[in-house]
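Bear in mind that the values in this text are calculations on the coordinates, not laboratory data. All values reported here derive from a predicted model rather than from experimental measurement. Glycine gets a Cβ as well: all are built from the backbone with ideal geometry, and neighbour counts include every protein chain shown.
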Amino acid sequence: MCYSFEASVFAGLVSYASSFVLLYRNQGYDQWLALFILSFSSIQWAEALLWKNMNNLSINQITTNWIIPIILASEGIVGLVGASIYHEVDPYLWILYIMIAFFIISSGNKNSSTKFVNGGLSWYEKSEQNEPSEHNEPSKHNEPSEHNEPSKHNEPSEHNEPSGHNEQNGYNNLMEHPPLQSESSDNNMLLPNNILPLILFAIYLVLPIYLYMEDDLDKYVIIFYCFGILLYAIINNKKNISSNWCYYANLLSFFALARPYI
């Protein structure tokens, strides 16, 4: 994932500009490639929104729990749309992909948010860790009373400031004090340290291309590209795939533009 708002916007603009050039040129599989690039590069705009609204819990959660899953789910559907431009797609495959898309959008913890972790964005972090809950509310034993006044050990100081548990949005001073990476939940989808969902998602992306794209070079470059990113994520084994992701995302755009000359 991109390491800043500016990097996200730049990567998104490059991919979108390349896609519109492909749509206008319309040679070979240009339309299919353009749609595919438009779909997966749209994640850059979601990340740009997150970078600008990291401290706004409402926008953060809407982007994390709905906008990003919708973009991810659309990538496979768009692959079928591209295939249908050139071939007749099996109707049962349409039904399967629509069901998978609904699953991607609806699955996972819908009370999650994105955090700043190791120089990048980490999706699908549980917000309960930063928000007061029934289990995190101060107990009666900790409430101040006539017989139990707060001691100096419990008072805020420069070295012991109130944590995100007691703040309304749980994200104040986030950039100054980035939270540590937390353990992932079994319900978290599409995280690099959750290998099976990554493999299934990569298959979801490339299956229409494998089945319907007849140009072997285009087909296997895209498949290698998708599974290469998957392998990179697994090797790094961390939730923010890398700050260089935004640059890797543009590699397919450059290949598609150069394809007629290769």
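Here is how the numbers come out for the structure above:
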| quantity | calculated |
| --- | --- |
| Ordering of 69-77, 211-219, 198-206 by burial proxy (mean other Cβ atoms within 10 Å per residue, highest first) | 69-77, 198-206, 211-219 |
| Net charge contributed by nearby residues that have their C-beta within less than 9 Å of ARG259 (K/R +1, D/E -1) | -3 |
| Full-stretch length increase - ILE98, LEU217 - with 0.36 nm per residue and alpha-carbon distance subtracted | 40.0 nm |
| Calculated from backbone phi, Karplus (6.51, -1.76, 1.60) coupling profile of the range 251-262 in Hz, x at Gly/Pro | 4, 5, 4, 5, 5, 4, 5, 8, 4, x, 9, 9 |
| Contour excess over end-to-end distance, with Cα ends at LEU200 and ALA17 and 0.36 nm allotted per residue | 62.9 nm |
| Overall form of the range 12-107 per C-alpha gyration tensor (a/c, 1.5; a/b vs b/c) | oblate |
| Length-normalised contact order for the range 4-60 - Cα pairs under 8 Å, 6+ apart - percent | 44 percent |
| Cα-projected label distance for SER106 with TYR261, points at 7 Å along beta-carbon direction, nm | 4.8 nm |
